[in-house]
1. Given the options LYS45, LYS51, name the one that is closer than 27 Å to SER560 by Cα, surrounded by fewer than 20 Cβ atoms within 10 Å (Cβ to Cβ), at pLDDT 70 or above and within 31 Å of the chain's Cα centre (by Cα).
2. Inspect all residues belonging to region 447-462 and state whether any of them is under 15 Å from GLY529 (Cα atoms), of a type in the set (D, E, K, R) and more than 21 Å from the chain's Cα centre (by Cα).
3. So which strands (runs of 3 or more DSSP E) stay within region 38-134 end to end and still have 1 or more residues that are among the small types (Gly, Ala, Ser)?
4. If I filter region 568-578 for residues that are touching a helix residue (DSSP H, G or I) at 6+ places or on another chain (Cβ under 7 Å), small (Gly, Ala, Ser) and in the same structural domain as THR421 (by TED's automatic domain parsing), do I get at least one hit?
5. Residue check: is VAL137 farther than 23 Å from GLY293 by Cα, at pLDDT 85 or above and of a type in the set (Val, Ile, Thr)?
6. If you take the residues in region 360-401 that are closer than 30 Å to SER489 by Cα and out of contact with any Leu (no Cβ under 9 Å at 6 or more places or on another chain), which one is modelled with the lowest pLDDT?
7. Got a sec? Which of THR129, THR119 is of a type in the set (S, T, N, Q), crowded, with 22+ Cβ neighbours inside 10 Å and touching a residue at least 60 places away in the same chain (Cβ under 8 Å)?
8. Any idea which residue in region 243-281 is nearest to SER233 (Cα to Cα), counting only those that are part of a helix (DSSP H, G or I) and in contact with a Lys or Arg (Cβ under 9 Å, 6 or more places away or on another chain)?
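The values are calculated or read from the model by the stated rules, or taken from the named source; none is laboratory data. Everything quoted here is computed from the prediction, not taken from an experiment. Here the Cβ is made from the backbone with ideal geometry for all residues, glycine too, and neighbour counts use every protein chain on show.
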Amino acid sequence: MDETIDMEDEDQLVGTLLDDRYEIKKALDRGGMGTVYLAWDATLKRKVVVKIPHARLMTDKTFRLRFLQEIRDLANHEHPAILRIEGSGSHGNVPYAVVQYLRGGNLRERITAQGGQETPDQILEWLPTVADALDTVHRNGSLHRDVKPANILFDERGNAVLSDFGIATAIGAADPDAPTQAVRQELTVVGTFVGSPAYAPPESIDRILTPAYDQYSLATVVYLAVTGELPFSGQTNEAILIAKERDSPPKINRKRLDAPLSVAAEKAIMKGLSRKPEDRFETCSDFANAFCGTGTSTTSLPPWTGIAAGSTALAILATGIIAFFLITNPPEEGIDPIIDQSEPEPPVEPKVTETNEPKVELQFEPVTVELGSHPEEIDRAISICLRGGGQGADCERSVFIDERLRTVTLAPFEIDDTEVTNANFARFATEMQYVSTSEERGYSWDITKCYKCNWRYPRPDRPARDHPNDPVVHITWTDARAYCKWTGSRLPTEDEWEYSARGADRRAYPWGDEWDHTRVREWTSSGIGLEPVGSHPTGATQNGILDLAGSVWEWTSTPSGEGEYRIYKGGSWTDQIPAYLRSAAFSEDVPEYSSINLGFRCAKDIVAR
């Protein structure tokens, strides 16, 4: 098709197959620059979002070059909380961008659903993650320039994902706080303003672009979340920006808040909203840490006690986050007996338990099995989800559709009876003088970024040496593969893992088809959910394989689609919806990802003698 397409016809592309791959299903949003579509990726068999600018804008050479450059820039930002570019292409001489599809809504919708305000604890569920993502963008020499609630998205597990950078992806993302929607003035217009004036800093009038620009916008988002109101308003965009340049933001009226706000948090907001860029924090993470009340040296862990929902095939994973408590007594600087020592630590001496040395389940003959989910099994998953506490988007068919039905033939293999433990990994690290990824880079993820977290310290106040039989966590796919190689084994494939959990009779859960909460950790328990492997023997498979549901997610060797993502299985102690612990469910992330609820076990081929 050679003619230029007028993208302003809202129904024109519905049903079209772009580049023989992306089938346009429906328009999700329209803005002054273009349209956002929900599409089906026929190659990877999953939903994606396609963003297409208006054809009339493509006649402007500058806009076209900026649009293409924005796509390239976004593709270079590697961070678990930055919206992933899936691809790009051109249709009718109009370029388009393809980004990942997230089902968890955005912050604007979340604030509205919570009555117009968020508590500080609720803000801490997303603020440190978004701040760290912005710092990554800044270290890469870029700016976001359009930080606002509509551009903070959530995956099915409630993890925040920063989206809509500059002009390339701001298409169609209308700002409900703009004074007028007549021409979508809140969006980028070629040659004029980039971003949303309701959230832009005073210096945006003079096009002064520094990382402090995004920090001001983030502080505005936090102000809105706390108070339910924007710090500045006006009849026009120009009036809003002029007011910001002339006046300080109004003080927060504590009597009108739904929850108490600490003095430190209020001071952090006001500092982030300083009129002069140099008066703000050095980084966005410093702002987030000050809001948490921890200063600027570390990323704090919020006092979460609530539970969110979860999902199966995610980019960053985990809506179901259980009871994360603020660390009040982390190890003192300079005296950490494990991390700071110059000599490798001696192996952790584990307690003697039946599951300490993993057993294996053997499969001696090739077997052809059907894995994934039939349509009726997806129907059942939706029913389980609804009965298990899921609501709305938690239980949509799209959440489970990626459990692709497939028939595979598995060669003989054996798989560990339990997950690899802290004691197991300590022996490997000592013998090989191995430094894990999280140790080397200086942080891992405890839902938010945690600078003191690694396999030696799942939490700063919880050394692994005191819990030798817990499954090892904060392990990347690369770390897991290195360990398995050391033992003469390998990571299991997704198919091997799923067959081990389901068996030839295709059980929904390792123990059978019916959900039974007594076979996993008690969900009403508070605090961290890591427990010694084998703590719930009634949750084992018929062949005695333990901890395949509700312990920790487990890496597999299987890549996801055409990218570098790797699949992991099993659900974890952070998941609260039983449908997400089914053996067909899965999640995915980059090989360098690590977190407090992600571990692994090994497998190996059985070679005929």
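1. Values: LYS51 fails: surrounded by fewer than 20 Cβ atoms within 10 Å (Cβ to Cβ).
Unique residue meeting the criteria: LYS45.
2. Within region 447-462 (the criterion being under 15 Å from GLY529 (Cα atoms), of a type in the set (D, E, K, R) and more than 21 Å from the chain's Cα centre (by Cα)), the answer is yes, since at least one residue qualifies.
3. Values: elements: 46-53, 85-91, 94-100.
Where strands (runs of 3 or more DSSP E) fall fully within region 38-134 and carry at least 1 residues being among the small types (Gly, Ala, Ser), they are 85-91, 94-100.
4. As a first pass, look at region 568-578 and keep what is touching a helix residue (DSSP H, G or I) at 6+ places or on another chain (Cβ under 7 Å): 569, 571, 575, 577-578.
Checking the rest, the ones that are also small (Gly, Ala, Ser) come to 571.
From the residues that got through so far, the ones that are in the same structural domain as THR421 (by TED's automatic domain parsing) too are 571.
Yes, that holds for at least one residue.
5. Numbers: farther than 23 Å from GLY293 by Cα: yes; at pLDDT 85 or above: yes; of a type in the set (Val, Ile, Thr): yes.
Criteria met by VAL137.
6. Going through region 360-401, the residues closer than 30 Å to SER489 by Cα turn out to be 360-373.
Checking which are out of contact with any Leu (no Cβ under 9 Å at 6 or more places or on another chain) leaves us with 360-362, 364-365.
Numbers: VAL360: 42, GLU361: 46, LEU362: 52, PHE364: 63, GLU365: 75.
By that ranking, first place goes to VAL360.
7. Within the list THR129, THR119, the selection yields THR129.
8. The initial filter retains those residues of region 243-281 that are part of a helix (DSSP H, G or I), namely 243-246, 254-256, 263-272, 277-279.
Next cut, in contact with a Lys or Arg (Cβ under 9 Å, 6 or more places away or on another chain) only: 244-246, 266, 270-272, 279.
Working: LYS244: 9, GLU245: 13, ARG246: 13, GLU266: 20, MET270: 17, LYS271: 19, GLY272: 18, ASP279: 22 Å.
In this case the residue turns out to be LYS244.
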